[in-house]
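These notes are about the structure you will find just below.
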Amino acid sequence: MNVEPPLPPPPSAKQVFEARGVRKVYHTGEVEVVALHGVDVALEAGELVVLLGPSGSGKSTLLNILGGLDVATCGELSYKGWALDGAEENTLTLFRRNCVGFVFQFYNLIPSLTARENVALITGIARDPMPPEEALAMVGLQERMDHFPSQLSGGEQQRVAIARAIAKRPEVLLCDEPTGALDVTTGIVVLEAIERINRELGTLTVVITHNAVMAEMADRVLYLSDGRIVKERRNSTRRPAASLEW
């Protein structure tokens with residue numbers, strides 16, 4: 001019988017992630033591409049952090065390593081003091097399933113399922129899920145629960161994807177260019193949903209973007225270039241997503 005390894009107990013400290021010397025190298029034939037050059041970073045519970053930088057700066061690689069979708073070539077990474085570097089795949093699977101919600105630029109909804117049913121796919125495997133209806137209400141879709149993706153706008157589909165990500169009550173929400181495929185007005189609505197989740201659920205939220213305006217809604221901004229964090233900025237106040245313009 002397979003026994004699932006236990007997850008770590010709740011921490012007393014606010015720190016959620018700590019990375020030290022995280023380096024990622026990809027090999028294509030004889031070509032070596034260094035995506036991350038020894039990144040050091042710590043992320044705390046309840047923060048809204050924006051990773052800002054141009055394409056190819058290492059933002060997505062760092063996000064994928066934090067979320068257990070990829071592993072570092074070398075370096076140390078811990079989640080609440082629990083080592084993720086060197087963890088076995090079944091342990092990383094449990095980590096992704098129970099602790100992390102992912103939102104990507106493209107929604108990846110199942111066309112033949114309603115919004116409610118798309119969210120229910122996650123609640124069926126989570127250990128302490130919220131009802132799909134509650135998750136959809138948090139992103140303002142209580143009136144659209146029984147619509148299929150083809151009946152929803154792009155922004156509504158992205159909000160279904162966010163509801164699906166948060167329905168497992170993750171302590172971490174990782175968003176990779178969540179407004180990249182949306183117009184400005186629709187993008188603001190999506191950012192408001194992310195902002196509300198961070199504020200009301202206290203979820204550590206990390207958002208990747210190349211749009212500098214979005215940095216104003218963050219507690220902290222990490223600027224990446226050529227696989228390195230080259231600058232860090234803390235905002236004294238967070239600007240509401242509804243007030244952003246680009």
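The values are calculated or read from the model by the stated rules, or taken from the named source; none is laboratory data. This one's a predicted model, so the numbers in the text were calculated from it and none came from an experiment. Ideal geometry is used to build each Cβ from the backbone, glycine not excepted, and the neighbour counts take in all protein chains shown.
The residues on offer are Thr186, Thr205, and the sole one that is of a type in the set (Ser, Thr, Tyr), buried (at least 16 other Cβ atoms within 10 Å of the Cβ) and under 15 Å from the mean Cα position of the chain (by Cα) is Thr205. I'd like the residue in region 65-86 that is out of contact with any strand residue (DSSP E or B) (no Cβ under 8 Å at 6 or more places or on another chain) and within 17 Å of Arg23 (Cβ to Cβ) and, out of all such residues, is modelled with the lowest pLDDT. The residue in question is Gly86.
Which residue out of Ala163, Ala242, Ala218, Ala212 is surrounded by 14 or more Cβ atoms within 10 Å (Cβ to Cβ), more than 20 Å from Glu44 (Cα to Cα) and small (Gly, Ala, Ser)?
On the way: Ala242 fails: surrounded by 14 or more Cβ atoms within 10 Å (Cβ to Cβ); Ala218 fails: more than 20 Å from Glu44 (Cα to Cα); Ala212 fails: surrounded by 14 or more Cβ atoms within 10 Å (Cβ to Cβ).
The match here is Ala163.
Go through Leu109, Leu113, Leu141, Leu121 for me and flag whichever is part of a helix (DSSP H, G or I), among the aliphatic types (A, V, I, L, M) and surrounded by 14 or more Cβ atoms within 10 Å (Cβ to Cβ).
Values: Leu109 fails: part of a helix (DSSP H, G or I); Leu113 fails: part of a helix (DSSP H, G or I); Leu141 fails: part of a helix (DSSP H, G or I).
Leu121 is the lone residue from the list that is part of a helix (DSSP H, G or I), among the aliphatic types (A, V, I, L, M) and surrounded by 14 or more Cβ atoms within 10 Å (Cβ to Cβ).
Sort out which residues of region 47-62 are buried (at least 16 other Cβ atoms within 10 Å of the Cβ) and either on the phi > 0 side of the Ramachandran plot or outside any helix (DSSP H, G or I) (or both), and write them in order of number. Within region 47-62, Glu47, Leu48, Val49, Val50, Leu51, Leu52, Gly53, Ser57, Gly58 meet the criteria. Given the structure, is Ile122 at pLDDT below 95 and within 25 Å of Val16 (Cα to Cα)? Considered against the rule, which asks whether it is at pLDDT below 95 and within 25 Å of Val16 (Cα to Cα), Ile122 comes out as yes.
Name every residue in region 63-88 that is outside any loop (DSSP other than H, G, I, E, B), closer than 22 Å to Leu224 by Cβ and either free of Cβ contacts under 8 Å to residues at least 60 places away in the same chain or of a type in the set (S, T, N, Q) (or both), in order of residue number. Write out each step before concluding.
Filtering region 63-88 for residues outside any loop (DSSP other than H, G, I, E, B) gives 63-66, 74-79, 82-83.
Right, trim to closer than 22 Å to Leu224 by Cβ and you get 63-66, 74-79.
Selection gives Asn64, Ile65, Cys74, Gly75, Glu76, Ser78.
So that you can scan it fast, the table gives a plain yes or no per residue for (1) modelled with pLDDT of 95 or more; (2) out of contact with any Leu (no Cβ under 6 Å at 6 or more places or on another chain):
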position: Ala13; (1), (2): no, yes
position: Phe17; (1), (2): yes, no
position: Gly29; (1), (2): no, yes
position: Ala35; (1), (2): yes, yes
position: Ala42; (1), (2): yes, yes
position: Leu51; (1), (2): yes, no
position: Gly56; (1), (2): no, yes
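Going by the conditions given, is Glu192 in contact with a helix residue (DSSP H, G or I) (Cβ under 8 Å, 6 or more places away or on another chain), of a type outside the set (Lys, Arg) and either surrounded by 22 or more Cβ atoms within 10 Å (Cβ to Cβ) or at pLDDT 95 or above (or both)? Yes, satisfied. Restricting region 89-106 to residues that are loosely packed, with under 15 Cβ neighbours inside 10 Å and touching a residue at least 40 places away in the same chain (Cβ under 8 Å), the residue that is nearest to Arg159 (Cα to Cα) is Phe106.
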